[in-house]
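Quick notes on the structure that follows.
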């Protein structure tokens, strides 16, 4: 697999990626794609604490402008009138929690999301999740890390989509990646005091890439949809 695909670019901060949480989240993201299907996701919510969330001050998130444009790093743009935007802020305290859930849990844990009930609506929810969390993480401070994460996740999504011959699932995931990436930025250590582990993770990265290559070989072995030279060319696209 070439570095051009972005699958081996894991250095996310100035001192290198020192915290294993980011690799765990990348692995979790990949495993989710591996078990993907076109049915609705089922998320295990047993890890969500059964406590009442603290009251969140949302006043600074209300807009005073007539129209709000939300542009993502992958080229999507949302447009909201002032009243609609402020209504979203009012109804969705989960976007402003001190310790937010990852986007899957945030979406599936019973929040008020009637306007985001469809697949396309879920895409929008993840974009909004990323937008608000980005304000807290720092737009400029972590721009480089954010772009690298989006590239990694997008290439992993494309890889799994290629192995599965595409499908709407991967199209929707491509839009939701901004939410996953922003959550990964959130769990990045923001200073040296945040490093809980300082060992090099190069062996973990090599093993992860090796596992992807093994997955390609295994999937190709049982793939009877393409044969002969076409199959050889198809495999080369993943390398």
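The values are calculated or read from the model by the stated rules, or taken from the named source; none is laboratory data. Small disclaimer: the values here were computed from a predicted structure and weren't measured. Using ideal geometry, Cβ is built from the backbone for each residue, glycine included, and neighbour counts are taken over all protein chains shown.
Let's see how each residue does on (1) within 18 Å of residue 160 (Cβ to Cβ); (2) in contact (Cβ under 8 Å) with a residue 24 or more places away in the chain:
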position	(1), (2)
205	no, yes
214	yes, no
224	no, no
230	no, no
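Anything in the stretch 162-221 that is surrounded by fewer than 13 Cβ atoms within 10 Å (Cβ to Cβ), closer than 27 Å to residue 101 by Cα and at pLDDT 90 or above? List them, or say none.
If the condition is that a residue be surrounded by fewer than 13 Cβ atoms within 10 Å (Cβ to Cβ), closer than 27 Å to residue 101 by Cα and at pLDDT 90 or above, then 168 is the only one that fits.
Suppose we filter the stretch 217-239 for residues that are in contact with a helix residue (DSSP H, G or I) (Cβ under 7 Å, 6 or more places away or on another chain), within 16 Å of residue 156 (Cα to Cα) and not in a loop (DSSP other than H, G, I, E, B); how many remain?
Residues meeting the conditions: 2.
Please return the ranges of helices (runs of 4 or more DSSP H) entirely within the stretch 76-180 where 1 or more residues are free of Cβ contacts under 8 Å to residues at least 60 places away in the same chain and over 18 Å from the mean Cα position of the chain (by Cα).
82-91
Can you give me the number of residues within the stretch 75-109 that are buried (at least 16 other Cβ atoms within 10 Å of the Cβ) and within 22 Å of residue 143 (Cβ to Cβ)?
Matching residues across the stretch 75-109 total 5.
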